[in-house]
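Notes follow once the structure below has been shown.
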Amino acid sequence: MDTMNKKCEHCGGTGTCTQGKEGNSCRDCAKKSYSFAFLRKKETLEDNKGLICRACEGSGEFDPRTKRLHQNIRPFLGLIIIIASLFLISDFANKESKYFEQVLPFLSALVGSVTTYYFTNNSNKTS
């Protein structure tokens with residue numbers, strides 16, 4: 001997935017905006033930085049130079065939406081699987097279904113697999 005990263009064209013991969021006059025930050029990056037400073041209870045920015053690039057959020061790499069989706073969907077999907085499994089287990093148990101004895105081992109193994117996947121330390125993980 002590292003092939004999706006591209007160098008940010010706005011800041012040239014540095015993470016600091018210098019697109020304005022005389023190497024200062026551009027108006028858009030300064031405006032976004034001012035809103036951030038205002039939220040932190042500061043009235044103004046001291047200088048308009050050296051502000052982080054708001055196109056790449058200071059990383060220097062343009063992170064496409066698909067990569068962010070790939071990184072965020074895995075934990076969300078795991079959480080949904082666990083919640084749905086626990087709901088189904090409790091539902092089958094409360095209704096005293098005759099299939100509870102078959103459903104419980106399957107869903108328990110599923111929850112255990114998802115939990116093991118997220119809580120093991122995998123040193124060769126590349127995401």
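The values are calculated or read from the model by the stated rules, or taken from the named source; none is laboratory data. Since the model is a prediction, treat every value here as computed from it, not as a measurement. Cβ atoms come from the backbone with ideal geometry, glycine included; neighbour counts cover every protein chain shown.
Return a yes/no flag: does the range 55-75 have any residue that is surrounded by 15 or more Cβ atoms within 10 Å (Cβ to Cβ), modelled with pLDDT of 85 or more, in a helix (DSSP H, G or I) and in contact with a helix residue (DSSP H, G or I) (Cβ under 8 Å, 6 or more places away or on another chain).
No: the range 55-75 contains no residue that is surrounded by 15 or more Cβ atoms within 10 Å (Cβ to Cβ), modelled with pLDDT of 85 or more, in a helix (DSSP H, G or I) and in contact with a helix residue (DSSP H, G or I) (Cβ under 8 Å, 6 or more places away or on another chain).
Return only the number of the condition from (1) modelled with pLDDT under 65; (2) surrounded by 15 or more Cβ atoms within 10 Å (Cβ to Cβ); (3) of a type in the set (S, T, N, Q) that T44 does not satisfy.
(2)
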